[in-house]
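The values are calculated or read from the model by the stated rules, or taken from the named source; none is laboratory data. No experiment lies behind these values; they were computed from the predicted model shown. Please note: Cβ atoms are built from the backbone with ideal geometry, for glycine as well, and neighbour counts cover all protein chains shown. Just so you know, the surface numbers come from the protein's heavy atoms only, side chains and all, with ligands and any DNA or RNA stripped out. Shrake-Rupley method; radii C 1.70, N 1.55, O 1.52, S 1.80 Å.
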Amino acid sequence: MAILFIFGAFLATLIGGFLGIRFRDNLHLVLGFTAGVLVAVVSFDIFPEIIEMTERIGVAPILPMVAFVAGFFIFHIVEKLFLVHHTHESGYEPHHHPAIGVLSAFALTFHTFLDGLAIGLSFQVNLALGVAVGLGIIAHGFSDGLNSVSLMLVHGNNLKKTFRMLFLNATAPLLGGLVSVFISLPDKTLLLAVGFIGGFLLYIGASDILPEAHSKNSSYKTILATLAGVLFIFVITQLL
């Protein structure tokens, strides 16, 4: 049963990515939607999960929040190190930074790897939990593919690289599910990982994608796209 949900996450990620590539000419709207999705995932999915886990295993909330802040600022520092340029570069033509897109997409790939791991481990607990987690991750898989493609394209990566990263992102849940057969993460370790990933995703959404969405095509449509992304994840998390 677990393999069906893991394969569903694989397909959902690919579909989301292909749609992102198909509508890349309106990338500012895709980016606005992506930013809303990322911020909403952190707010309506990761934060509640952190709260539930801290209460269940009796861990002080400060620990996952330290991991959260570490995830946020580690990505910030790494990004700024990639963007160190000569002082006169501002006089050059507008340009992008493909390495940042790759780094950002890798962060999401790690997230989708943990998605597959979560599906496999939840089915080890019981069938009901496995189905619930599997459905939620499939719903998020669409957004993961869309986010991965958006991150690659906005930073100037070509379609060939973008397709490769999308396939890697989609394959990661399959690898996570395979790993779940062989290991069992301690609750405290998993809690810290969830917090760390939350920090990564919040930085990507709020400090990277959202400003880029408004940099050239800021309009009420972009704002509505962001709100649509938030609403989409809110409805999904409430239903599931």
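Contact map, region 223-240: first residue closer than 17 Å to Glu212 by Cβ, second residue in a helix (DSSP H, G or I) and β-branched (Val, Ile, Thr), Cβ cut-off under 7 Å, separation 6 or more or different chains; pairs are Gly229/Thr34; Gly229/Val37. Among the residues of region 15-52, just one is within 23 Å of Gly130 (Cβ to Cβ), buried (at least 19 other Cβ atoms within 10 Å of the Cβ) and modelled with pLDDT of 85 or more, namely Ile50.
Residue-by-condition table, conditions (1) of a type in the set (A, V, I, L, M); (2) open to solvent by 10 Å² or more (accessible area, probe 1.4 Å):
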residue: Ile183; (1), (2): yes, yes
residue: Leu192; (1), (2): yes, yes
residue: Leu201; (1), (2): yes, no
residue: Ser207; (1), (2): no, yes
residue: Glu212; (1), (2): no, yes
residue: Phe232; (1), (2): no, yes
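Residue count for region 119-147 under the criterion of being at pLDDT 75 or above and among the small types (Gly, Ala, Ser): the result is 3.
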